[in-house]
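What follows is calculated from the coordinates using simple rules that are stated; it is not laboratory data. All figures in this text were calculated on a predicted structure; none of them were measured in a lab. Positions of Cβ are generated from backbone atoms using ideal geometry, with glycine treated the same way; all protein chains shown enter the neighbour counts.
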Amino acid sequence: METYQAEIAAAAARLIVEEGLDYGAAKRRAVKQLGASGRGGLPDNDEVEAAVEEYIALFCADTQPQELRALRELALQWMQRLARFQPHLGGAVWRGTATRHSDIYLQLFCEDSKAAEIALIDMGVRFEVRSVPGFHGEMVDALSVHALCVPLQENIGVHLLVYDLDDIRGALVPDGQGRRPRGDAAALCRLIENAAP
């Protein structure tokens, strides 16, 4: 059983790093690619994240740190633009496992759920609205934009997940391993400054 889950985690990690898939989609596609459906349970996200870190260390060590820095700097630009909504960065860009194929996920905390949309319209930013599961399983609006990341010379998906202002308290609770699942602009600046050049 452990070997099966490790195989799925390794295959999913490759898809996440090379194609930018999210964990769920990567695990499902890995099962199909390995022809392994019905053989056992899927690895949990912590196992997949460990496999992603291993894959990056083996195959992307020479490029990933620069790509991560570029994505973090782009995220910081958007956080500064949307500072009034107390933006917090989550996902692979926050955790440090992002590559040029990763999207940026910012959580915004608003008194009025439409305020972020109005702010984007006022900035002349084109965006798409969809509903996605939030960090408590409830559906939240996601405002998705494409932003040019100049150092990478690629358009990157920036997804702004809109939460109620009161949700910020629960957003900062550490996970089972004591890690913060997201951070504000000041925390992101510290990550950028502390990263090796």
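Going 7 Å from the Cα of Ala115 toward and past its Cβ, which residues in segment 176-197 have a backbone nitrogen under 20 Å from where you end up?
The answer is 183-186, whose backbone nitrogens lie closer than 20 Å to the label point.
Given the options Leu172, Leu108, Leu188, identify the residue whose Cα lies farthest towards the positive end of the charge dipole of segment 64-194 (+1 on Cβ of Lys, Arg; -1 on Cβ of Asp, Glu).
Leu188
When DSSP assigns beta bridges and you keep just the ones with both residues in segment 64-194, what percent turn out antiparallel, to the nearest 5? Walk me through the intermediate numbers first.
Values: 19 of 26 bridges.
Antiparallel bridges make up about 75 percent of those DSSP assigns within segment 64-194.
Using only helices, what value at 222 nm comes out for the chain when you add -39,500 (n - 2.57) per DSSP H run of length 4 or more and divide by the total residues, to the nearest 500 deg cm²/dmol?
It comes out at -14000 deg cm²/dmol, rounded to the nearest 500.
I need Met79, Met139 ordered by Cβ neighbour count within 10 Å, fewest first.
Met139, Met79
So which trypsin sites (Lys or Arg not before Pro) in segment 1-94 end up in coil per DSSP with only 15 or fewer other C-beta atoms within 10 Å?
Arg39
Quick one: dipole size for segment 5-52, taken about the Cα centre, charges +1 on Lys/Arg Cβ and -1 on Asp/Glu Cβ, in debye to the nearest 20. Please list the in-between numbers first.
Details: 6 positive and 8 negative charges, 66 e Å.
My answer is approximately 320 debye.
With +1 on the Cβ of every Lys and Arg and -1 on the Cβ of every Asp and Glu, and nothing else charged, how large is the dipole of the chain about its Cα centre, in debye rounded to the nearest 20? Write down the numbers at each step before the final one.
Values: 20 positive and 29 negative charges, 43 e Å.
Here the chain has a charge dipole of around 200 debye.
Between Tyr4 and Phe135, what is the FRET efficiency for a Förster distance of 30 Å, r being their Cβ-Cβ separation, to the nearest 0.05?
0.55
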